[in-house]
């Protein structure tokens, strides 16, 4: 007795994987069902087109970072950069938190207030050591974008502030109590350092621009479409405002 | 070369291809493959003798699904570019007379479950049993996803682009 024809037979026919003993049976069946036969022929054609479409990827040389030796060696090499970054942030949070307690005011725990605070901590840690502050330099924008996008879970774009005299100097991922954030660093007139911190927002998914200050550092912070931005520099709010406007415009029109 | 390298490295081109078919963005796809390989090297001993190929594809597949969920949950910094990127750099005519961008758009429009089934079988050429293992579903489920996905793909490609698709024999 022969097993009835099933979906699996038809798929195996499309894939050219039909066992020989089913071949005749299916061919006969398809000859009697021309509509089904033409549908399956089309599917076969599409299967071939699909594998042809991805052929070029297959023959591309693999990046050396993907070699098992490289991966194994890196794992042996010990602590990774983000351990250092996390440690730096913890230090900064500890210091910042302690400093805040001096005046018995805790920093905001959530929303754009928290974001401004995170931006300031990271600015203090990284912008003061400009040579090493950028994990990924300005020449590797693509790499930075793809890495940061993946870690943050959103497509990031690097704000272009060149027209305002701020040169992009690189970027890095930083740890925040609300998950990873991307920090872009810029160098402006008379070596002013400016940072833009950005991350997804749980609260304050949309918030209007709010200037705040801490010591000599001014921040303008806002959120659009679930993403928060904080621009930080030791510059007056009047000087930061046009930069913030530019970043917001670019993010909304990109 | 240690045994891991012998077993893993020949599969890397296929893994990259699978990730790119999902993401279209070349460097993002490679990042996820890198993640997958690092997990594989780290948890090599926990593989418990599973076949390497479906095991690696399963790790990568789960990373791709997680990535998709994260994107959906968080919204984008800027809207994700819906246009086909330069990621694959293949001339359209290579896609056997079928409009390449149309093929990719149609693939993107499939439900992820069906797309995964089609890619694993048609492009990665995994056996039905291996593909089912990667997706962690019974064989029958794989077959019906494959069948429904292929029907749907044909409909999507057909829509508006029929004359280009139907080659005269």
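Restricting the first member to the stretch B:38-62 and to residues that are over 12 Å from residue B:7 (Cβ atoms), and the second to residues that are at pLDDT below 85 and outside any helix (DSSP H, G or I), the beta-carbon pairs closer than 9 Å and six or more apart or on different chains are B:58/B:50.
Just wondering, is there one or more residues in the stretch A:157-171 that are outside any loop (DSSP other than H, G, I, E, B) and either closer than 21 Å to residue A:114 by Cβ or within 12 Å of chain B (Cβ to nearest Cβ) (or both)? I'd like the intermediate steps shown before the answer.
Start the filter on the stretch A:157-171 by keeping residues that are outside any loop (DSSP other than H, G, I, E, B), which leaves A:162-164, A:167-171.
Applying the additional criterion that residues be either closer than 21 Å to residue A:114 by Cβ or within 12 Å of chain B (Cβ to nearest Cβ) (or both) yields A:171.
Within the stretch A:157-171, one or more residues are outside any loop (DSSP other than H, G, I, E, B) and either closer than 21 Å to residue A:114 by Cβ or within 12 Å of chain B (Cβ to nearest Cβ) (or both).
The helices (runs of 4 or more DSSP H) found entirely in the stretch B:1-119 that carry 3 or more residues being modelled with pLDDT of 90 or more and under 26 Å from residue B:144 (Cβ atoms) are B:12-23, B:52-74, B:112-118. Of the numbered criteria (1) within 30 Å of residue B:23 (Cβ to Cβ); (2) touching a helix residue (DSSP H, G or I) at 6+ places or on another chain (Cβ under 7 Å); (3) at pLDDT below 90, the one residue A:88 fails is (1). In the stretch A:122-156, the residue that is surrounded by the fewest Cβ atoms within 10 Å (Cβ to Cβ) out of those that are away from chain B (no Cβ under 14 Å), free of Cβ contacts under 8 Å to residues at least 12 places away in the same chain and assigned to a helix (DSSP H, G or I) is A:131.
Mind checking which residues of the stretch A:230-253 are more than 22 Å from residue A:189 (Cα to Cα) and surrounded by 16 or more Cβ atoms within 10 Å (Cβ to Cβ)? A:251 - this is the single residue of the stretch A:230-253 that is more than 22 Å from residue A:189 (Cα to Cα) and surrounded by 16 or more Cβ atoms within 10 Å (Cβ to Cβ).
Of the helices (runs of 4 or more DSSP H) that lie entirely inside the stretch A:7-74, those containing 1 or more residues that are within 11 Å of chain B (Cβ to nearest Cβ) and either at pLDDT below 95 or in contact with a helix residue (DSSP H, G or I) (Cβ under 8 Å, 6 or more places away or on another chain) (or both) span A:7-14, A:34-53, A:55-59.
Considered as a group, the residues in the stretch B:130-142 that are within 17 Å of the chain's Cα centre (by Cα) and in a helix (DSSP H, G or I) include one that is nearest to the other protein chains (Cβ to nearest Cβ), and that residue is B:142. Applying the set (1) within 14 Å of another protein chain (Cβ to nearest Cβ); (2) more than 27 Å from residue A:156 (Cα to Cα); (3) surrounded by 16 or more Cβ atoms within 10 Å (Cβ to Cβ) to residue B:67 leaves exactly one unmet item: (2).
The values are calculated or read from the model by the stated rules, or taken from the named source; none is laboratory data. Predicted, not measured: the structure shown is a model, and the values here were computed from it. Glycine gets a Cβ as well: all are built from the backbone with ideal geometry, and neighbour counts include every protein chain shown.
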